[in-house]
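One structure below.
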Amino acid sequence: MPASALRLVLGDQLDRDAAHLRDVDADRDIIVMAEVADEALRPGYHRARSAMFLAAMRHMRDDLRERGLRVDYVALDDDGPRSLPAALSDAISRHAPQRVVMLRPGRHDLLASLTRVCADADVPLERVADDHFLCSVDGFAGWAEGRKLLRMEDFYRWMRRRHGILLEDGEPVGGLWNFDHDNRAGFGRSGPGEVPTPPALEPTRHQRDVAAMLDARSTDLLGETDLRWPVTPEAAQTWLDAFIDQRLPRFGRFQDAMWTDEAWLWHAHLSAAINLRLLHPREVIDRAVLAYQRGHAPIAAVEGFVRQILGWREYVRGIYWLRGPDQAFDNALGATAPLPPAFWSGTTHMRCMSQVVQQLLRHGYAHHIQRLMVAGLLAQLWGSAPREVHEWFMALYVDSIEWVTMPNVLGMSQYADGGRLGSKPYIASGKYVQRQSNYCDGCRYDPAVDIGDQACPFTTLYWDFLARHRERFADHPRMALQVKNLDRRDAERARAVAERVARLRELAAEGAL
Ligand code: FAD
Ligand code: SF4
């Protein structure tokens, strides 16, 4: 009997209560899930990321089958379809459904190609409104309409009011909308002290199987198969509990701080679980707000955390869909340089970069400031091609999905959108890294020095970046001061910086940066 509906579940749509599964007909509908090589075996992508996605999908399949639902699950196989559109096309041929039902996928190209498959097969496609996010794509477009500037802070306040979060008589709890000024502390010379690590759960059967399969099948994936990442809703709950109990009270305060050999610090480590939909963002926010109401965590920590999820996360998603596929080609600063090989190997004398990349290769995780103010900053100052930078961020992080990675990389980190998302480029010299971490202790380079062999590459490249983009930023309200400082430097120094930059590019090519 032909299926009534094929319900497509993609690897990042593992919500057991997903909107397009709520009215499933257990007798006549078929749920389609597929592991495909183009996604799971992408050369240069992180093993831990692929292992997490595949194991999480297999657990979802088992849970759906236990509920008596019919799941057509295509496991990764040499003879199987290589891509998701091919998998959908095969499933349509197998089941001859009356319609295909799906949620919006996490990338423009996939939305277009899956839509095309249904049109080519002449099967109606029904796209169900997705309530995993707290602001719909249309809702964001409505908010954006008529606004000259799409400021995250404005969106965030609008979302707080709309959802009634951390409000008292219509006013923000604690008297302020934003407690960011409390959130810039470094650790001081004594370091972060004892920091609780995320819960170490025993790997599941699917995690072990998938890890072995990836080891046997692919030599092109990078990094270690860290199996710590939650792959079931229960494991994700355990991580959420641990965050709320152990780290939320200190969240925010040390948000911008980094420390040698400390990968986890006071962050939530929940992005992958939320992006896979093992946790609902509303549930995560409610837990944090409850912790405040019970006196477990201060308002600055809770507001800071809520802002990340209700504000930034929803905002970048809105921007991604509002901007459309063209965003992938943004390159406002005309950057074309290839990324230094150290981004992939972690082999570099720059202690901060080697720390971040080694940590990434081990776990597939780096926190926000490591992304923005170490890796992203170096790529930006280096003049790296934004699309290559985006691909690097997609490849090495367990939580990467295009809708969230692209606006963060091209907009926030690389200023490739010319300032639509952030009003100015996040640029700094090595002194920023020195202030926020202990990475510079024992580094071959000196963050205070801009020329010569000891010069910190960030510091040299900072002046070089300003010189290269002087005209663009000379009258920029938030950059003019930095350009003025550049103009105060003498011509001899400018020449020495240019020479040092040329040398840095040679060193990078030799793998000796
Ligand atoms: P925490 O710092 O503890 O924050 C709590 C939660 O807030 C996160 O779990 C996440 O869900 C949300 N959040 C915070 N900031 C952002 C943001 N800017 N955008 C979206 N969500 C946010 N996040 C991803 O989920 N996937 C990515 O591929 C990704 N790429 C990034 C690339 C760059 C260059 C930058 C600057 C940021 C990127 N981010 C990305 C955002 C952010 O860095 C991560 O969400 C965060 O570091 C994940 O770690 P955590 O769960 O410990 O987060
Ligand atoms: Fe990084 Fe420069 Fe500090 Fe070395 S001196 S750790 S390269 S910021």
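Charges on Cβ only, +1 for Lys and Arg, -1 for Asp and Glu, centred on the Cα centroid of the chain; of Tyr365, Ala496, Ala5, which one is farthest towards the dipole's positive end?
The residue sitting farthest along the positive end of the dipole is Ala496.
Mind checking which lysines have their Cα closer than 19 Å to the Cα of Lys148? Skip sequence neighbours fewer than 8 apart in that chain.
Within reach: Lys424.
Could you pull out every whole DSSP H run in the chain that spans at least 30 Å of Cα extent along its own axis and averages 1.0 or higher on the Kyte-Doolittle scale? Walk me through the numbers on the way to the answer.
Values: long enough: none.
Long hydrophobic helices here: none detected.
With a Förster radius of 51 Å, plug the Cβ-Cβ distance of Thr219 and Asp17 into 1/(1 + (r/R0)^6) and report the FRET value to the nearest 0.05. Let's see the in-between values first.
Values: r = 39 Å, r/R0 = 0.75.
Calculated value: 0.85.
Percent relative contact order of region 1-123, based on C-alpha pairs within less than 8 angstrom and at least six residues apart? Don't skip to the end; give the middle numbers.
On the way: 159 pairs, mean separation 45.6, N = 123.
Worked out over region 1-123, it gives 37 percent.
For region 401-513, what class follows from the C-alpha gyration tensor (a ≥ b ≥ c being the square roots of its eigenvalues): rounded when a/c is under 1.5, otherwise prolate if a/b is larger than b/c, else oblate? Please list the in-between numbers first.
On the way: a/c = 1.73, a/b = 1.22, b/c = 1.41.
Oblate, because a/c is 1.5 or more while a/b does not exceed b/c.
In region 242-337, which trypsin sites (Lys or Arg not before Pro) fall in coil by DSSP and have 15 or fewer other Cβ atoms within 10 Å?
On the way: sites: Arg247, Arg250, Arg253, Arg277, Arg282, Arg287, Arg294, Arg307, Arg313, Arg317, Arg323; in loops: Arg253, Arg277, Arg294.
Sparse-neighbourhood loop trypsin sites (Lys or Arg not before Pro): Arg294.
Treat each spin label as a single point 7 Å out from the Cα along the C-beta direction, and report the Ala480 to Asp241 distance in nm.
For Ala480 paired with Asp241, the spin-label model returns 5.6 nm.
From the square roots a ≥ b ≥ c of the eigenvalues of the alpha-carbon gyration tensor of the chain, which class results: rounded (a/c under 1.5), prolate (a/b over b/c), or oblate?
Values: a/c = 1.67, a/b = 1.49, b/c = 1.12.
Cα axes put the chain in the prolate bin.
Please order His296, His20 by the number of other Cβ within 10 Å, starting at the fewest. Intermediate values should be presented prior to the final figure.
Values: His296 15, His20 21.
Least to most surrounded, the residues fall as His296, His20.
Between region 355-429 and region 72-117, what is the C-alpha centre distance in whole Å?
30
Could you tell me whether region 234-306 comes out rounded, prolate or oblate from its Cα gyration tensor? Rule is a ≥ b ≥ c as square roots of the eigenvalues, rounded for a/c under 1.5, then prolate if a/b exceeds b/c, otherwise oblate. Don't jump to the answer; show the numbers that get you there.
Working: a/c = 1.85, a/b = 1.08, b/c = 1.71.
Because a/c hits 1.5 or more and a/b fails to exceed b/c, region 234-306 counts as oblate.
State, to one decimal in nm, how far the label point of Asp78 lies from the label point of Glu145, with both points 7 Å from Cα in the Cβ direction.
5.5
Can you list the trypsin sites (Lys or Arg not before Pro) in region 157-226 that are in a DSSP coil and have 10 or fewer other beta carbons within 10 angstrom? Don't skip to the answer; put the middle values down first.
On the way: sites: Arg157, Arg160, Arg161, Arg162, Arg184, Arg189, Arg205, Arg208, Arg217; in loops: Arg184, Arg189.
In loop regions of region 157-226 (DSSP not H, G, I, E or B), the sparsely surrounded trypsin sites (Lys or Arg not before Pro) are Arg189.
Report relative contact order for the chain in percent, whole number only (criteria: Cα-Cα under 8 Å, sequence separation at least 6). Mind dumping the intermediate values first?
Working: 827 pairs, mean separation 81.4, N = 513.
Rounded, it is 16 percent for the chain.
Taking the Cα centre of the chain as origin, sum charge times position over the Cβ atoms of Lys and Arg (+1) and Asp and Glu (-1), and report the length of that vector in debye to the nearest 20.
Values: 64 positive and 70 negative charges, 266 e Å.
The calculated dipole for the chain is roughly 1280 debye.
Roughly what would the spin-label model give for Asp209 and Arg67, points 7 Å off Cα along C-beta, in nm?
Placing both labels 7 Å beyond Cα along the Cβ direction yields 2.1 nm.
With runs of 4+ DSSP H residues as the only contributors, calculate the mean residue ellipticity of the chain at 222 nm using -39,500 (n - 2.57) per run, divided by the residue total and rounded to the nearest 500. It would help to have the intermediate numbers written out before the result.
Working: 22 runs with 219 residues, N = 513.
Mean residue ellipticity, 222 nm, calculated: -12500 deg cm²/dmol.
Might you report the magnitude of the Cβ-based charge dipole of region 38-163 about its Cα centre, with Lys and Arg at +1 and Asp and Glu at -1, to the nearest 20 debye? If you can, show how the numbers build up before the last one.
Working: 22 positive and 20 negative charges, 145 e Å.
That gives a dipole near 700 debye.
Out of the DSSP beta bridges found with both residues in the chain, what percent are antiparallel (nearest 5)?
Values: 2 of 18 bridges.
Around 10 percent antiparallel, to the nearest 5.
What's the longest bit of the chain with no exposed GluC sites (Glu not before Pro), using DSSP loop states and at most 11 other Cβ atoms within 10 Å as the test?
Values: sites that count: Glu145, Glu194, Glu510.
The longest such stretch corresponds to 195-509.
Quick one: compute the contact order of region 274-374, relative version, from alpha carbon pairs under 8 angstrom and 6+ residues apart, as a percent.
Dividing the mean separation by the residue count of region 274-374 yields 12 percent.
If you put +1 on each Lys and Arg Cβ and -1 on each Asp and Glu Cβ, how big is the dipole of region 234-349 around its Cα centre, in Debye rounded to 20?
Numbers: 11 positive and 12 negative charges, 50 e Å.
The dipole magnitude comes to about 240 debye.
May I ask which residue of Val32, His46, Trp158 lies farthest towards the positive end of the charge dipole of region 1-160, with charges of +1 (Lys, Arg) and -1 (Asp, Glu) on Cβ and the Cα centre as origin?
Trp158
Please give the net charge around Gly411, taking every other residue with its beta carbon less than 9 angstrom from that of Gly411, where Lys and Arg add +1 and Asp and Glu add -1.
On the way: positive: Arg323, Arg420; negative: Asp330, Asp417.
Residues near Gly411 contribute 0 overall.
Throughout, read-outs are computed from the coordinates displayed, never taken from laboratory work. All figures in this text were calculated on a predicted structure; none of them were measured in a lab. Note that we place each Cβ from the backbone using ideal geometry, even for glycine, and neighbour counts take in every protein chain shown.
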